[in-house]
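To start, the structure under review is shown below, and the notes come after it.
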Amino acid sequence: MQTLIEHLKEGAMSDDLRRSLQIANRSPILQRFCVATSDAFAHKDLVATWFVVADDEGDKTIWADTQERGVDFNVSAREYVQNAFDPSFPHEVFVSEIYLAKSDDLYKYAVVSRVRGADGKILGLLAASIAPESSKAYMRQEKLIRELILWTGIALAPMAILLIATLCFAAHRSARHNPIHRRDHPATGLRR
C-alpha cells in the first residue's frame, strides 16, 4: 500500500499532468486527474482535497481541485506555494504549515510535490490537503449550532405570534371597555 508521499510523487510524474501544465491548459483533464488521484489513494478519508497549483501570469492559482469550489483561488501568499516555486528551496515533497482554506473554512495542512517538466523546470504543484479531525469536528459543531438556532426560532415562532396577538387583542379590548378612555365620560370632560 502506497504512502501519501509516494502517491504524490507518482502523481507528479504523470504525463497528463505535466502536459496540461506545460501548455497552460486548464482543461477538464486536470479536474479528472485530481479526482482519479483521489480515487486511487487507499486512505481516502485522510485527504480532504487533491489540487493542482500553477503559475498563472505571476499569480499562483489552483487550476484543479477535487472540490470544484476551490478552483481559481489565488494561493500566491501561502508559504508552501512560495517555497515550492522557489528553485532554491531544497525539498521536492514537503508538508506545509497549517492554514485556513478559503474553499471550506477548515484548518488544513498540505503535503506538496513539485511537478517538473522534462527540462527540470517547475511547472506547478500537486498537493493533498489534510484537515485534522479537530477542524472537521469544529465545523460540524458550528453547523449544529446554526441548525439549533434556526429550529428553535421555527419552533418558537407560533407561540410568539400567539402571544403578540393575545396582547394586542387584550389591549384593544381594554381600551374599548375602559370608561376613562371614552370620550363621553364625565371624568375626561369631553363630550361627543
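The values are calculated or read from the model by the stated rules, or taken from the named source; none is laboratory data. The structure presented is a predicted model; accordingly, all values stated were derived computationally and were not measured. Cβ sites come from the backbone with ideal geometry, for glycine too, and all protein chains shown count toward neighbours.
Could you list, in sequence order, all residues of the range 54-75 that are under 19 Å from L4 (Cα atoms) and out of contact with any Phe, Trp or Tyr (no Cβ under 7 Å at 6 or more places or on another chain)?
Q67, the sole residue that qualifies.
Please go through (1) under 15 Å from I130 (Cα atoms); (2) in a loop (DSSP other than H, G, I, E, B) for L8 and return the number of the only condition it doesn't satisfy.
(2)
Restricting attention to the range 64-87, and to residues there that are modelled with pLDDT of 90 or more and of a type in the set (F, W, Y), which single residue is surrounded by the most Cβ atoms within 10 Å (Cβ to Cβ)?
Among those residues, the one meeting the criterion is Y80.
Answer yes or no: is there a residue in the range 88-105 that is surrounded by 13 or more Cβ atoms within 10 Å (Cβ to Cβ), closer than 21 Å to S14 by Cβ and under 18 Å from the mean Cα position of the chain (by Cα).
The answer is no, given that none of the residues of the range 88-105 is surrounded by 13 or more Cβ atoms within 10 Å (Cβ to Cβ), closer than 21 Å to S14 by Cβ and under 18 Å from the mean Cα position of the chain (by Cα).
If you check Y138 against the conditions, is it of a type in the set (F, W, Y) and modelled with pLDDT under 80?
Considered against the rule, which asks whether it is of a type in the set (F, W, Y) and modelled with pLDDT under 80, Y138 comes out as yes.
Conditions (1) modelled with pLDDT under 85; (2) not in a strand (DSSP E or B), marked per residue:
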residue: L123; (1), (2): no, no
residue: A127; (1), (2): no, no
residue: C168; (1), (2): no, yes
residue: A171; (1), (2): yes, yes
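Mind telling me which of the residues S96, S27, S88, S20 ends up being touching a helix residue (DSSP H, G or I) at 6+ places or on another chain (Cβ under 7 Å) and free of Cβ contacts under 8 Å to residues at least 12 places away in the same chain?
Checking each option against the conditions leaves just S27.
Using the structure shown, decide if D56 is surrounded by 13 or more Cβ atoms within 10 Å (Cβ to Cβ) and of a type outside the set (V, I, T).
Yes.
How many residues are in a strand (DSSP E or B) and under 13 Å from G124 (Cα atoms) if we restrict to the range 15-66?
Looking only at that region, the number is 12.
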